[in-house]
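Student: I have a structure here, written as structure tokens, and I will follow up with some questions on it.
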Protein chains: 2
Amino acid sequence: MAYRTTAHRLDRDQAVRARILDCALQRVAAGGFAALTMQGLAEDAGVATGSLYRHFEGKGALAAEVFSRASQREVEALAQVLQAPGDPAASLAAGIARFAARAWSSRRLAYALIAEPVEPEVDVQRLRYRDAYGALFAALLEEGRASGAFAPGAIAVAAACLVGAIAEALVGPLSPAVRRDGSPNAALAEVTTALVTFCLRAVGARTPDLEIAP
Amino acid sequence: MAYRTTAHRLDRDQAVRARILDCALQRVAAGGFAALTMQGLAEDAGVATGSLYRHFEGKGALAAEVFSRASQREVEALAQVLQAPGDPAASLAAGIARFAARAWSSRRLAYALIAEPVEPEVDVQRLRYRDAYGALFAALLEEGRASGAFAPGAIAVAAACLVGAIAEALVGPLSPAVRRDGSPNAALAEVTTALVTFCLRAVGARTPDLEIAP
């Protein structure tokens with residue numbers, strides 16, 4: 001009986017934790033990390049504010065976990081495209097296009113992940129995930145160098161450059177301050193084309209003017 | 001008499017503020033923003049901790065001001081190279097080489113400015129200064145497009161990509177975790193060459209294999 005009670009309690013704890021994280025992600029997707037207040041989150045999740053602190057050390061730790069979960073999804077989505085069989089240059093173009101399109105479809109969340117000023121705990125996760133993106137690009141660059149599709153020079157540098165270029169190119173267009181200005185779709189196509197051209201040329205792709213699938 | 005006393009008091013306040021900022025910059029240059037503790041800083045500057053709070057709202061505001069001052073120097077150093085008369089591709093290569101060399105000569109400070117996880121107030125300044133770097137590159141890209149030296153595509157995107165690529169390429173090599181591994185000078189030359197090649201190719205430079213002055 002005691003065991004059952006404990007197991008039940010653990011299940012319930014896990015369920016509450018998962019609900020808190022879901023609600024937290026929704027808050028960040030709607031209004032960035034600035035909207036992730038402990039009181040508002042407690043209301044959304046239907047728990048007492050004190051209960052939040054039983055599951056997470058504080059706002060920074062919670063924000064870091066929301067960041068990790070959301071970023072992990074992006075890394076996996078990018079990996080799927082970059083690791084699919086095919087011409088490395090086409091894969092790189094398709095990966096960049098997918099990453100940008102996903103960012104555009106959740107602009108507020110994407111801005112929060114890439115650039116929003118946040119607690120240092122989230123900055124730590126940003127560095128970690130930039131390494132994860134870098135490892136994906138490095139693997140593709142290795143493959144492209146072997147096949148002659150790319151002439152990337154020092155791969156660690158080129159992979160880091162790709163990560164930085166892609167992130168930084170999206171900061172301005174995704175910024176909430178800019179969002180009100182114009183049509184997101186037109187801007188997405190323009191930014192994606194410019195970004196793909198920049199990156200393919202940069203790594204010495206044989207086909208730098210590759211057409212990008214919409 | 002009252003006026004003189006007030007003027008003297010203001011001068012003294014300015015002098016104390018300047019001394020605090022100098023000491024703060026030295027702390028960050030030695031140990032990153034993590035070393036910028038209010039108590040340690042008060043000791044360095046020879047003032048009471050309470051006096052720090054009379055000059056700065058808090059640790060975040062102080063860190064943001066240290067960041068701005070140090071970054072402003074970097075922006076000016078880069079501007080000097082990029083805006084010098086000459087071939088735009090050579091200017092871009094020289095600007096990148098100068099930026100990297102300056103970072104290498106103050107590695108701990110450069111890492112703190114570019115990547116160290118910090119208070120949100122510093123992240124805000126990071127976004128501002130990335131815009132300032134972007135504006136410098138945009139002006140050079142315009143000039144290079146006009147002269148036929150570059151074929152950069154959408155200039156706002158390419159300028160942002162350069163900022164991101166350069167910053168991200170330096171994060172790994174400057175990281176305190178990596179620093180112990182090898183000879184900084186050898187790595188600087190390798191990283192600089194790879195970075196310049198990446199960037200010149202990316203903006204469609206006529207001379208992507210430009211030799212870089214050491």
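Only the coordinates and a few stated rules stand behind these numbers; no lab work does. Remember, it's a predicted structure, so these values are computed and weren't measured experimentally. So basically every Cβ, Gly included, is an ideal-geometry build from the backbone, and we count neighbours across all protein chains shown.
Student: Between B:Arg69 and A:Ala146, what is the FRET efficiency for a Förster distance of 60 Å, r being their Cβ-Cβ separation, to the nearest 0.05? Walk me through the intermediate numbers first.
Tutor: On the way: r = 47 Å, r/R0 = 0.78.
Between B:Arg69 and A:Ala146 the formula returns 0.80.
Student: Rounded, prolate or oblate: which fits chain A when a ≥ b ≥ c are the square roots of the eigenvalues of the alpha-carbon gyration tensor, with rounded for a/c under 1.5 and prolate only if a/b beats b/c? Each step should come with its number before you reach the end.
Tutor: On the way: a/c = 2.71, a/b = 1.84, b/c = 1.47.
Prolate is the answer for chain A, as a/c is 1.5 or above and a/b outweighs b/c.
Student: Which distances, in nm and shortest first, link the B:Asp13 label point to the same label point in every other copy, taking 7 Å along Cα→Cβ?
Tutor: Nearest first, the other copies' label points are 5.3 nm away.
Student: If you don't mind, another one. Roughly how tilted is helix A:155-174, in degrees to the nearest 10 and between 0 and 90, from the longest Cα axis of chain A?
Tutor: Long axis of A:155-174 versus the principal axis of chain A: about 70 degrees.
Student: Starting from the Cα of B:Arg19, step 7 Å along the direction of its Cβ; do the same at B:Asp87; then give the gap between the two resulting points in nm.
Tutor: 5.2
Student: Using helices alone, I'd like the mean residue ellipticity at 222 nm for chain B: each DSSP H run of four-plus residues gives -39500 (n - 2.57), total over residue count, nearest 500. Please list the in-between numbers first.
Tutor: Values: 10 runs with 166 residues, N = 214.
Result for chain B: -26000 deg cm²/dmol, rounded to the nearest 500.
Student: Note the angle between two axes, namely the Cα long axis of helix A:88-105 and the longest principal axis of the Cα atoms of chain A, as a number of degrees from 0 to 90, rounded to the nearest 10.
Tutor: 40
Student: Ok, one more. How would you rank B:148-160, B:20-32, highest first, on the average number of other Cβ atoms within 10 Å across their residues? Mind showing how you got there, number by number?
Tutor: Working: B:148-160: 22.1, B:20-32: 18.8.
With the highest mean Cβ count within 10 Å placed first, the list reads B:148-160, B:20-32.
Student: Sort B:83-95, A:132-144 by packing, meaning the average of other beta carbons within 10 Å per residue, with the highest value first. Each step should come with its number before you reach the end.
Tutor: Working: B:83-95: 18.4, A:132-144: 20.2.
For the peptides B:83-95, A:132-144, the packing ranking is A:132-144, B:83-95.
Student: Could you tell me how many degrees, from 0 to 90 and to the nearest 10, lie between the Cα long axis of helix B:120-147 and the main elongation axis, the longest principal axis, of the Cα atoms of chain B?
Tutor: Computed tilt is about 30 degrees.
Student: Gaussian network model of chain A, Cα springs within a sub-10 Å range: biggest mean-square fluctuation belongs to which of A:Asp11, A:Asp44, A:Asp131?
Tutor: In the Gaussian network model the winner is A:Asp11.
Student: Where nothing but the Cβ of Lys and Arg (+1) and of Asp and Glu (-1) is charged, how large is the charge dipole of chain B around its Cα centre, in debye to the nearest 20? Don't skip to the answer; put the middle values down first.
Tutor: On the way: 22 positive and 22 negative charges, 93 e Å.
The dipole of chain B has a size of about 440 debye.
Student: How large is ³J(HN,Hα) for each residue in segment B:26-35, as worked out from phi by the Karplus curve 6.51 cos²θ - 1.76 cosθ + 1.60 (θ = phi - 60°), to whole Hz, x for Gly and Pro?
Tutor: Rounded to whole hertz, the list is 4, 5, 5, 5, 8, x, x, 5, 4, 8.
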